[in-house]
Amino acid sequence: MKRIMHMFISAILLLGVLAGCTNTELKAKERVKIGIMLSDVGLGDQSFSDAAFAGLTKARDELDILFDYRELKEVGSYEKGFTELVEEGNDLVIGLGFMVLEDLEKVAKKYPEQQFVLVDSVSELDNITSIIFKEEQGSFLAGAVAGMATKSNVVGFVGGADVPLIRKFKAGFEQGVKAVKPDAEVKVAYANDFGNAELGGKIASGMVDDGADVLYAAAGFTGVGVLKEAQARKKFAIGVDSDQYFFAEKAIITSMLKNVDIALYEAVKEFQSGKKLKSRQIELGINEKGVGLAPIRVIKLTPEQEKDLKELEAKLSTNEVSIQLD
């Protein structure tokens, strides 16, 4: 009798375990799956890709989604990475960076029922939602801070490439500098590389030799070299995309925040609620908390300078200050 009772209890426990497995598998199937193709440098760029990854990590932890990613160095081409993410059954596939546009559109045409998100560029395809930022607004504020901080009246801008997106950073920065210091000189250089910190350091060193005492880089990992060289030469720097203060704590005054992490988190949250994104194009600026500045560190602005900076931000938000793009 005891043996029969033991067998009966064991059978019940086994059924419970099997039922638990079934429920777990069912829950996994019901969870939203997100796939992302990272920008060219990939994880470890300490800027753009890392910020996007942080946003999806937060979505995983707080929204209970699943996500997977691809890096260019592993898949060889953006097209192959996107294709893999689609064929693995991701509900939403994200392309990060203006450079993925062509390959993303190729894959989107092959899979018209698949939903995609493109960050940093605009597509006209119906199954792609584009998320872009008003980088020029955040860069204008960064330029204003550089104008307030410079003693030599010479500042520098280093871009990762001479393309429309990076020229938005440059235009905003230049006009922000001129807004507070009209006679300041802004030196400009393009690295044509987003993943070379050593090259960034060399460009920064040349600018410092030419008199620049505040440097701003929109150049991914190349920009990290700019920041570190500024610190090594006892000059000031301004970070980009995320708060980069901890890469050069003696040099970085502030960073121009481009809140890719927040944008992707909110996009995933919206998608999860209805398995669809409402807008075909999303543009995020100061008013939408898409761009802004990290806390001011290293230097202390005067009360008048703080007031001027707040006024400039207010004027940007109401379009009283408009930025001319190249």
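For labels at residue 68 and residue 127 in the simple 7 Å Cα→Cβ model, what's the distance in nm?
Here the modelled spin labels are 1.7 nm apart.
Once the whole set of protein chains is in place, how much accessible area is left on residue 302, using a 1.4 Å probe, in Å² to the nearest 10?
Here the accessible area works out near 60 Å².
I need the shape label for the stretch 230-326. Rule: rounded when a/c is under 1.5, else prolate if a/b > b/c, else oblate, with a, b, c from the alpha carbon gyration tensor.
It is oblate, given that a/c is not under 1.5 and a/b is not larger than b/c.
When you count, for each residue, the other Cβ atoms within 10 Å and take the mean per peptide, how do 219-226, 199-206, 156-163, 134-141 rank with the highest first?
Per-residue mean Cβ counts within 10 Å order the peptides as 219-226, 134-141, 156-163, 199-206.
Quick one: accessible surface of residue 64, probe radius 1.4 Å, all protein chains present, in square angstrom to the nearest 10.
The value for residue 64 is about 60 Å².
Order the following by accessible area, largest value first: 33, 289, 151, 269. Probe radius 1.4 Å; ligands, DNA and RNA are ignored.
Of 33, 289, 151, 269, the descending order of accessible area is 151, 289, 269, 33.
At 1.4 Å probe size, with no ligands or nucleic acids counted, give the accessible surface of residue 109 in Å², nearest ten.
140 Å²
Taking amide H atoms as placed 1.01 Å from N in the peptide plane, list the residues 5 or more away in sequence, or in a different chain, whose amide H sits under 5 Å from that of residue 36.
Amide H to amide H, under 5 Å and 5 or more residues apart or across chains, residue 36 pairs with 68, 69, 70, 94.
Ordered by residue, what ³J(HN,Hα) values in Hz, to whole numbers, does the stretch 112-122 give under the Karplus form 6.51 cos²θ - 1.76 cosθ + 1.60, where θ = phi - 60° and Gly and Pro are x?
x, 8, 7, 9, 10, 10, 10, 9, 5, 7, 10
Cα to Cα, under 29 Å, and not fewer than 8 places away if on the same chain: which lysines meet these conditions relative to residue 110?
29, 33, 73, 80, 269, 275, 276, 278
Can you give the % of DSSP beta bridges in the stretch 232-320 that are antiparallel, to the nearest 5?
Rounded to the nearest five, the antiparallel share is 40 percent.
Can you compute log10 of I(q)/I(0) for the stretch 181-280 with the Debye formula, treating each Cα as one identical point scatterer, at q = 0.17 Å⁻¹?
Per q value, in the given order, log10 I(q)/I(0) is -0.73.
Can you give the Rg and Dmax of the stretch 47-181 based on its C-alpha atoms, in angstrom?
Taking only Cα atoms of the stretch 47-181, I get Rg and Dmax of 18.3, 56 Å.
Kindly express, to the nearest 10 degrees and within the range 0 to 90, the angle between helix 303-317's C-alpha long axis and the longest C-alpha principal axis of the chain.
Here the helix axis deviates by roughly 60 degrees.
With a/c under 1.5 counting as rounded, go ahead and sort the stretch 237-280 into rounded, prolate or oblate using the C-alpha gyration tensor (a ≥ b ≥ c being the square roots of the eigenvalues; past the cut-off, prolate if a/b is larger than b/c, else oblate).
prolate
What fraction of the DSSP beta bridges in the chain is antiparallel, stated in percent and rounded to the nearest 5?
Within the chain, antiparallel bridges account for around 5 percent of the total.
In square nanometres, what is one fourth of the surface area of the convex hull spanned by the alpha carbons of the stretch 104-258?
That works out to 9.2 nm², a quarter of the Cα hull's surface.
Send over the Kirkwood Rh of the stretch 67-146, from the inverse of the averaged 1/r over different Cα pairs, rounded to one decimal Å.
Value: 13.6 Å, from the Cα pair sum.
Report the charge-dipole magnitude of the chain in Debye, nearest 20, computed about the Cα centre from +1 at each Lys and Arg Cβ and -1 at each Asp and Glu Cβ.
Its charge dipole is roughly 900 debye.
Scan around residue 152 for amide H atoms under 5 Å from its own, H built in the peptide plane at 1.01 Å from N, and keep only partners 5 or more places away or cross-chain.
So residue 152 has HN proximity to 213.
Long-range amide H contacts for residue 290: which residues qualify at under 5 Å (H placed 1.01 Å from N, peptide plane, sequence gap of 5 or more or a different chain)?
Result for residue 290 returns 285.
Here are labelled values, [x] 21.5; [y] 18.9; [z] 14.6, and one is the computed mean projected area of the Cα convex hull in nm² for what I pasted. Which one?
[x]
Sort out for me the Cα centre separation of the stretch 141-194 from the stretch 86-115, rounded to whole Å.
34 Å
Residue by residue through the stretch 210-227, which ³J(HN,Hα) values in whole Hz follow from phi under the Karplus form 6.51 cos²θ - 1.76 cosθ + 1.60 (θ = phi - 60°), with glycine and proline marked x?
Taking θ as phi minus 60°, the curve returns 8, x, 5, 10, 9, 10, 10, 10, 10, 8, x, 5, 4, x, 4, x, 4, 4 Hz for the stretch 210-227.
Helix 164-180 sits at what angle to the longest principal axis of the chain, using alpha carbons and giving 0 to 90 degrees rounded to 10?
Around 40 degrees separate the two axes.
The values are calculated or read from the model by the stated rules, or taken from the named source; none is laboratory data. These numbers come from a predicted model, not from an experiment. Quick reminder, even Gly has a Cβ in these numbers, built from the backbone with ideal geometry, and neighbours come from all protein chains shown. Just so you know, the surface numbers come from the protein's heavy atoms only, side chains and all, with ligands and any DNA or RNA stripped out. Shrake-Rupley method; radii C 1.70, N 1.55, O 1.52, S 1.80 Å.
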